[in-house]
Each structure stands twice: as C-alpha cells, then as structure tokens.
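In what follows, a single structure is set out as structure tokens and then discussed.
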Amino acid sequence: MEVGKMMFIINPRAGNWLNPKRRNELLNQIRRFFGRGVEIVFSEAEGENSISNLAKEAQKNGRTTIVVRGGDGSLNQAVNGLDISDPSIMVGVIPAGTGNDVASTLGIPWEIKEALRVIAGRHVKQIDLGIANGVRFANTISIGLDASVNQIATALKPWFQRLGLSFLAYIAAIGPIMCRKRNDPEVSFETDSESFKRKIAFAAVTNCHRYGRGFLVNPKAKVDDGWLNLCILNSVPSLTFPYYALRAKKGTHVSLTGQFSFHRFKQLKIEVPFPVISQIDGEVHGPLIQRQVSILPRALNIIVPQSQI
C-alpha cells in the first residue's frame, strides 16, 4: 500500500470522546502500521475541516485510500464528499461510532489494532449505496419513531460521550418519545412493483441487515445484491413500542405480519401529508414531505477482511 496515497480522517467526536491520551495512543498505533509519514487529520463538525470536505480535498490531491475513524455517520460524510465514480478510490473504516452497523455487517473489527490490520490487508469489496434526495447513504434512511429517537439522542449524546457511554443517549431518548402525544402520518409508498398507503409508526430503508447498533430490522438484506430493503411498522400504541423494538432487535419481528411488512426495491417514492424529519446513517435530515430513494449498485470500494470477499 502506497502510504503517500493514504489519508486517515479522525473524527474525535464519534462514539466516545478522544481525550489527549487516547488521541496519542491512536496516532501511535496508526504510525506503527503505516509509518510516521502517513497523513492523519482531525475533522471538525462542519466547515473546511468537515469529513466530507477533507475527503473531497484528499481525493483532489491524489489520495486514493481514505480511512475514516468514526461510525456510520462519519462514513456517510466521507461517501458524500468523494467522487465515487473514480474506480481507484477506496475507503477504510476504524469503527468508533455508537452503532458501527456497516462495519459490523462487513466483519470489520471494532478493536483498533485489528481494524488497522484489515486496512493494511487492502482487500476490497464493492458494496451498494443508497441515495435519498441527493444524499448518499451506506446503510439507512428512516422516518417515524426511530428518527425522532435519533433526533433527541443526537442532542443528548455529548453528555454521555464524555462518560464513555454514548449508546445510553439512545436509551435515554426513548422516554420522551413514549410520553409524547404522537401524530403518526399516513404515508404513501411507491416502489418498482407496488404502491400503497399506510399509517406508520416507522419506516426504515436499509442496505445492511442491521441498524441502530444491531437491530435486525431487515434480516434478508445484503450489501451487494443491488436491492434496498424496507421495513414498515404500522401505527401501534406508544406503550407497545418497546416490545416491537425488542422483537426487531432479535429479528423475530418478521413473524408479526399484522404489524410489520417487508419490501424490496430499486426505486422508492415516499410521501407524507406534513413535513417530517428522517435519519440517514444516524444523522438528522429534513423535515421534508417527499423522499426519492434509489440504489447505486456496487458503488463503493470498501476495505474489508479477506473472509468477506
């Protein structure tokens, strides 16, 4: 691997905060694998040092391997900054987010040393991407209850990150949702093969079989089959939502055909009667009335363990 064509983009806010000691440990580990001359930059939330902009500029400057330390949201930003039509571009991941569902799906280890070993191995897999209203995603877009939980958790996360317990932000966010009066939308769905209208609690499109730190929402989804998968939970009482969430966590919700439905598509149009937010790879987007979602088959070269090829 040509170290001169690599860039490591470190998101210090992903998952749990990188304090100075942990930053130095990470830098030393990277340099032990790739040498002291390897380029390493720290990202900021926005501006010229955002992940998307750093990835874009790195590609312009001849970097062909962009490694992101972060979670699904960090990978999402890199994917939206890169010109993925360039076949020489490949992306590596050091998992450090709250969920890391893309990395887990691809067998990328959460332990830093093992993740670096995978990157050094340079085995590349082409995976599908989704695109929703011009925003690419590696795993998911959803609307409804889970998007609302994600919005609240995003606001709470900085408090928990400093304690090293970022995942608890999502658990803490469930309480306000349970107590809030809901106005579940009646949503129109139109895919390649069907159209229907339904009042929903949530609708989740995924590329991977899992999201939200291991919820097996679309168990049959595959990252390289050229299809996206949609799971819909019909409108249910708030007090029953934890039960359905637990079933989705285990993947046993597929038998609850009266409440859940599953669909596979290449093109999807979603319309709601009033603007609602969505989450895309864990990041808050919207609010919008309409979403146009489609598949970008095998659009991203991502470095994975050899066993995943």
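List the strands (runs of 3 or more DSSP E) inside the range 257-309, counting only whole elements, that have at least 2 residues being at positive phi and within 21 Å of the chain's Cα centre (by Cα).
On the way: elements: 260-265, 267-280, 283-303.
Here the list reads 283-303.
Which of the residues belonging to the range 117-159 are in a loop (DSSP other than H, G, I, E, B) and without any contact (Cβ under 8 Å) to a residue 60 or more places away in the chain?
Hit for the range 117-159 is G134, nothing else.
If you go through the range 229-245 and keep only what is touching a residue at least 24 places away in the same chain (Cβ under 8 Å) and either under 23 Å from E194 (Cα atoms) or part of a loop (DSSP other than H, G, I, E, B) (or both), you end up with N229, L230, C231, I232, L233, N234, S235, V236. Residues of the range 185-195 that are touching a Phe, Trp or Tyr at 6+ places or on another chain (Cβ under 6 Å) and in a loop (DSSP other than H, G, I, E, B): D192 alone.
Looking at R198, R213, can you tell me which residue is among the basic types (K, R) and assigned to a strand (DSSP E or B)? First the steps, then the outcome.
Working: R213 fails: assigned to a strand (DSSP E or B).
When all the criteria are applied, what remains is R198.
With the condition kept exactly as written, say whether any residue in the range 145-154 is among the polar types (S, T, N, Q) and outside the structural domain of V223 (by TED's automatic domain parsing). Within the range 145-154, not a single residue is among the polar types (S, T, N, Q) and outside the structural domain of V223 (by TED's automatic domain parsing). With respect to the conditions (1) in a helix (DSSP H, G or I); (2) surrounded by fewer than 13 Cβ atoms within 10 Å (Cβ to Cβ), G226 lacks only one, and its number is (1).
So that you can scan it fast, the table gives a plain yes or no per residue for (1) among the hydrophobic types (A, V, I, L, M, F, W, C); (2) touching a Gly at 6+ places or on another chain (Cβ under 9 Å):
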{"residue": "I112", "(1), (2)": "yes, no"}
{"residue": "Q126", "(1), (2)": "no, no"}
{"residue": "T140", "(1), (2)": "no, yes"}
{"residue": "D146", "(1), (2)": "no, yes"}
{"residue": "A173", "(1), (2)": "yes, no"}
{"residue": "R182", "(1), (2)": "no, no"}
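A count restricted to the range 14-32 and to residues that are surrounded by 17 or more Cβ atoms within 10 Å (Cβ to Cβ), out of contact with any strand residue (DSSP E or B) (no Cβ under 8 Å at 6 or more places or on another chain) and more than 23 Å from K157 (Cβ to Cβ) stands at 0. For the range 89-116, a residue qualifies if it is free of Cβ contacts under 8 Å to residues at least 60 places away in the same chain, assigned to a helix (DSSP H, G or I) and charged (D, E, K, R), and exactly one does: E114.
All of (1) farther than 21 Å from V276 by Cβ; (2) in contact (Cβ under 8 Å) with a residue 60 or more places away in the chain hold for I171 with one exception: (2).
Being surrounded by 15 or more Cβ atoms within 10 Å (Cβ to Cβ) and over 18 Å from T191 (Cα atoms) is true for just one of V284, V272. Which residue is that? Give the steps one after another, and end with the answer.
Values: V272 fails: over 18 Å from T191 (Cα atoms).
So the residue among V284, V272 that is surrounded by 15 or more Cβ atoms within 10 Å (Cβ to Cβ) and over 18 Å from T191 (Cα atoms) is V284.
The set of residues from the range 131-146 being surrounded by fewer than 24 Cβ atoms within 10 Å (Cβ to Cβ) and touching a His at 6+ places or on another chain (Cβ under 9 Å) comprises A132, N133, V135.
The values are calculated or read from the model by the stated rules, or taken from the named source; none is laboratory data. If you're wondering where the values come from, they're calculated on a predicted model, not measured in any experiment. Cβ: placed from backbone, ideal geometry, glycine included. Neighbour counts: every protein chain shown.
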